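K.L.:
Okay, here's the structure, questions in a sec.
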Amino acid sequence: MDTQTAERTQASAHLKFARVGPRKLRRVADAVRGKSVKEALVLLRFSGVFASEPIEKLLRSAVANAENNHGMAGDDLYIRKITVDGGPGGGITKRLDPRAQGRAAFKRKRLSHVTVVVGVEPVRRPRRRSGASIAFSSIAARRGSGTSRKKAAGAAGSVQ
């Protein structure tokens with residue numbers, strides 16, 4: 001029963017073998033992750049980044065899947081999940097780069113796989129703690145927990 005409700009509240013689209021490197025696509029994906037679809041489409045349209053074009057097209061496809069296959073309203077959708085994975089990177093597209101002394105090296109033309117999941121509810125992110133997690137509960141507890149080096153050195157130096 002949980003899988004049926006998850007299918008009705010989410011729709012996805014996949015892009016396989018995109019001829020853009022994953023690092024370039026991840027930069028754009030991080031910018032739109034968790035935003036509403038309207039806001040993300042505006043951001044992608046006017047970003048001026050080459051890698052935003054395939055993600056915009058994929059996002060429009062995911063919205064169309066939600067409207068046509070799942071009966072969701074396209075205006076109320078949020079980007080629930082967007083992942084960028086690396087595809088095959090060298091076995092398919094081989095290009096040679098001339099090197100010194102008659103040698104040649106292969107250029108790696110990287111490919112990417114992108115998945116977008118849109119849903120009705122926005123993503124709830126857990127609150128992040130500032131700084132590293134430590135055993136003491138407050139700054140006052142840390143300050144009062146032990147003797148400082150200066151106090152210990154001063155006490156040792158005053159006794160003569």
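The values are calculated or read from the model by the stated rules, or taken from the named source; none is laboratory data. Here the structure is a predicted model, which is why all the values come from computation and not from measurement. Because the Cβ atoms are built from the backbone with ideal geometry, glycine has one as well, and the counts that use them run over all protein chains shown.
K.L.:
Where residues in the stretch 110-124 are in contact (Cβ under 8 Å) with a residue 40 or more places away in the chain and either part of a loop (DSSP other than H, G, I, E, B) or among the small types (Gly, Ala, Ser) (or both), which of them is surrounded by the fewest Cβ atoms within 10 Å (Cβ to Cβ)? Please lay out each step first, then the result.
P.N.:
Within the stretch 110-124, the first condition is being in contact (Cβ under 8 Å) with a residue 40 or more places away in the chain, and the residues that meet it are 110-123.
In the following step, the residues that additionally are either part of a loop (DSSP other than H, G, I, E, B) or among the small types (Gly, Ala, Ser) (or both) were identified as 110-112, 119-123.
Values: 110: 19, 111: 20, 112: 23, 119: 22, 120: 16, 121: 11, 122: 13, 123: 13.
Out of the qualifying residues, it is 121.
K.L.:
Go through the stretch 21-51 and give me each residue that's in contact with a Lys or Arg (Cβ under 8 Å, 6 or more places away or on another chain) and either over 23 Å from residue 122 (Cα atoms) or of a type in the set (Gly, Ala, Ser) (or both).
P.N.:
21, 22, 34, 49, 50, 51
K.L.:
Any idea which of (1) crowded, with 16+ Cβ neighbours inside 10 Å; (2) within 20 Å of the chain's Cα centre (by Cα); (3) among the small types (Gly, Ala, Ser) is the one residue 86 doesn't satisfy?
P.N.:
Tallying (1) crowded, with 16+ Cβ neighbours inside 10 Å; (2) within 20 Å of the chain's Cα centre (by Cα); (3) among the small types (Gly, Ala, Ser), residue 86 fails exactly one: (1).
K.L.:
When the residues of the stretch 39-56 are filtered to those that are of a type outside the set (A, V, I, L, M) and surrounded by 14 or more Cβ atoms within 10 Å (Cβ to Cβ), which remaining residue is modelled with the lowest pLDDT? Outline the logic, then answer.
P.N.:
Taking the stretch 39-56 first, the residues of a type outside the set (A, V, I, L, M) are 39, 45-48, 50, 52-54, 56.
Among the residues that remain, those that are also surrounded by 14 or more Cβ atoms within 10 Å (Cβ to Cβ) are: 47, 52-54, 56.
Details: 47: 88, 52: 92, 53: 94, 54: 95, 56: 95.
Per the criteria, the residue is 47.
K.L.:
Next up: Give the residue, chosen from 103, 108, 99, 80, that is basic (Lys, Arg) and under 29 Å from residue 41 (Cβ atoms).
P.N.:
Criteria check complete, one pass: 80.
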